[in-house]
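Chemist: Take this structure first; my questions come after.
The values are calculated or read from the model by the stated rules, or taken from the named source; none is laboratory data. Bear in mind the structure is a predicted one, so any value in this text is a computation, not a measurement. Glycine also receives a Cβ, built like all others from the backbone with ideal geometry; neighbour counts cover every protein chain displayed. Accessible surface areas use protein heavy atoms only, side chains included; no ligands, DNA or RNA. Shrake-Rupley method; radii C 1.70, N 1.55, O 1.52, S 1.80 Å.
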Amino acid sequence: MDAHRVQLWARMDPFLIGVLQFPPPAKFNLHYLRKMATYVRTRSVDGCFPRLCWTMWRHIACGKLQLQEDMAWLYFEVFHSLSERNAPKSLEWAEAASSCKSVEEYERVRSKLSVDTLTFLLFLYIQQINKVSLRTSLIGEEWPSPRARSPSPDLAGQSNFHKNWDDYSQHAFIQSHMPNLLELLLDPDQLTKSYHSSECSLLSIGAAKALGFLIEGTMDKNRTVHLFFDLATWQPLHSKSGYSKTTQSFSLSKLQAWIKDSLMVNPFGMSACVRSGKTLAWAEQIDGSSRRAKIACNIYKVPPGNQMVVMSHICRQTLAKSSETLVNARVKIVNCNESYIYLLSPLREQKKRFQALVEYKFNEWLVKTGNRHQLDSLVPATDGTKQAAG
């Protein structure tokens, strides 16, 4: 039976990139998101389901969740960038937005965007990981809890605001909120009159695929990373995961129990990299480096796409480095200050996404403020234009 043992963990990017670094709006909770889940399914012809267009999300966010339009767009844009676009598409979108000459034209471009509705609901829900509780606000840190904490001193001491950075907090969030996440994905006819699941509730294939936004795993002891849906529908695990070929759905109770039993802390996360990764000699090469500086990587023991370099406690230093270790790797900089860090090798795709997002935000500001016209007037005229003007 061990040969069919699957291990699951929380995917890093949705929490690290997708969760915004401030507490979520008050109505980003199960009660209101469940209402939204029901609402979008009844408005499929209006661009709500199975894909949610920007204009309908704006209507829901501003009219029902009481968000300002700029905040509604921020959540939509971050999710769209994370889940719908690779680097070329991000640049294509940034160029399309920057070419708009007016607010009206820019709005027409935005109205063409849409996202997967079920996955977007999960994205909105996980914003709660940065929710600040009253007791946390009063005492300044979390109360003692039996839940796992990060054993790494390099990650300890971070504020509660950045729980989305920590693998152990991500694991604890998925573990404790899994019942709510699954209920959010259920079709309305699978809920009771009080809008809760039952022992007979069935989860659709589309919902299981959406869950892959948050979870991935392995079936060969971390040698290969697989999509959640591929693992959940793996033939030897049908009895445990609750998948039925006949109904093309999952037993909710069995799926939830299987996830809970298989969930572990991300073996390729930041904590694992610091704890068991290879310590690089770069820290010793930093001019006047303090003894606390540490740079570690996991590239020698992880599947492709999971490479990571963690830099911590670099203070008042300058580091410039080009290395094969950095190529296509995630780079995490933790507890560093007053330093200049130059990484001269191509990093993973998320750097390009961030660059495209910054370019887009700048061009959005140009259009809204009217400064785009002034900027265009500074561009030198071409020879053809000069002749025509003459």
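Chemist: What number of residues within segment 70-128 are among the hydroxyl-bearing types (Ser, Thr, Tyr) and either out of contact with any helix residue (DSSP H, G or I) (no Cβ under 6 Å at 6 or more places or on another chain) or closer than 13 Å to PHE213 by Cα (or both)? Steps first, answer last, please.
Modeler: So the first thing to find is which residues in segment 70-128 are among the hydroxyl-bearing types (Ser, Thr, Tyr), and the list is 75, 81, 83, 90, 98-99, 102, 106, 111, 114, 117, 119, 125.
Subset that is either out of contact with any helix residue (DSSP H, G or I) (no Cβ under 6 Å at 6 or more places or on another chain) or closer than 13 Å to PHE213 by Cα (or both): 75, 83, 99, 102, 114, 117, 119, 125.
Qualifying residue count, segment 70-128: 8.
Chemist: For the structure I just gave you, tell me whether TRP282 is closer than 30 Å to PRO304 by Cβ, in contact (Cβ under 8 Å) with a residue 24 or more places away in the chain and open to solvent by less than 30 Å² (accessible area, probe 1.4 Å). Please lay out each step first, then the result.
Modeler: Numbers: closer than 30 Å to PRO304 by Cβ: yes; in contact (Cβ under 8 Å) with a residue 24 or more places away in the chain: yes; open to solvent by less than 30 Å² (accessible area, probe 1.4 Å): yes.
So TRP282 passes the test.
Chemist: Considering every residue within segment 64-81, establish whether at least one is within 18 Å of the chain's Cα centre (by Cα), touching a residue at least 40 places away in the same chain (Cβ under 8 Å) and more than 20 Å from LYS131 (Cα to Cα).
Modeler: Looking through segment 64-81, at least one residue is within 18 Å of the chain's Cα centre (by Cα), touching a residue at least 40 places away in the same chain (Cβ under 8 Å) and more than 20 Å from LYS131 (Cα to Cα).
Chemist: Of the conditions (1) outside any helix (DSSP H, G or I); (2) modelled with pLDDT under 85; (3) within 22 Å of TYR32 (Cβ to Cβ), ALA148 satisfies every one except a single condition; which number is it?
Modeler: (3)
Chemist: Kindly state which helices (runs of 4 or more DSSP H) lie completely within segment 1-104 and contain at least 2 residues that are open to solvent by less than 10 Å² (accessible area, probe 1.4 Å) and at pLDDT 95 or above. Walk me through how you get there before you give the answer.
Modeler: Working: elements: 30-42, 54-63, 69-83, 87-98.
The qualifying helices (runs of 4 or more DSSP H) are 30-42, 54-63, 69-83.
Chemist: So which residues in segment 190-205 are under 20 Å from ALA232 (Cβ atoms), open to solvent by 50 Å² or more (accessible area, probe 1.4 Å) and within 27 Å of the chain's Cα centre (by Cα), if there are any at all?
Modeler: LEU202
Chemist: What do you reckon, is ALA320 modelled with pLDDT of 85 or more, over 30 Å from VAL109 (Cα atoms), open to solvent by 40 Å² or more (accessible area, probe 1.4 Å) and among the small types (Gly, Ala, Ser)? Step through it out loud before you land on a result.
Modeler: Numbers: modelled with pLDDT of 85 or more: yes; over 30 Å from VAL109 (Cα atoms): yes; open to solvent by 40 Å² or more (accessible area, probe 1.4 Å): yes; among the small types (Gly, Ala, Ser): yes.
Answer is yes for this residue.
Chemist: Condition first: crowded, with 18+ Cβ neighbours inside 10 Å and in a strand (DSSP E or B). Can you find one or more residues in segment 173-189 that meet it?
Modeler: First, the residues of segment 173-189 that are crowded, with 18+ Cβ neighbours inside 10 Å: 173-174, 178, 181-186.
Cutting the leftovers down to in a strand (DSSP E or B) gives us none.
Within segment 173-189, none of the residues are crowded, with 18+ Cβ neighbours inside 10 Å and in a strand (DSSP E or B).
Chemist: Shifting gears a bit: Quick check on my filter: what residues within segment 237-280 are β-branched (Val, Ile, Thr), part of a loop (DSSP other than H, G, I, E, B) and in contact with a Leu (Cβ under 7 Å, 6 or more places away or on another chain)? If you could, list the steps in order and put the result at the bottom.
Modeler: Keep residues of segment 237-280 that are β-branched (Val, Ile, Thr), which gives 246-247, 259, 265, 274, 279.
Checking the rest, the ones that are also part of a loop (DSSP other than H, G, I, E, B) come to 246-247, 265.
Result: THR247, single match.
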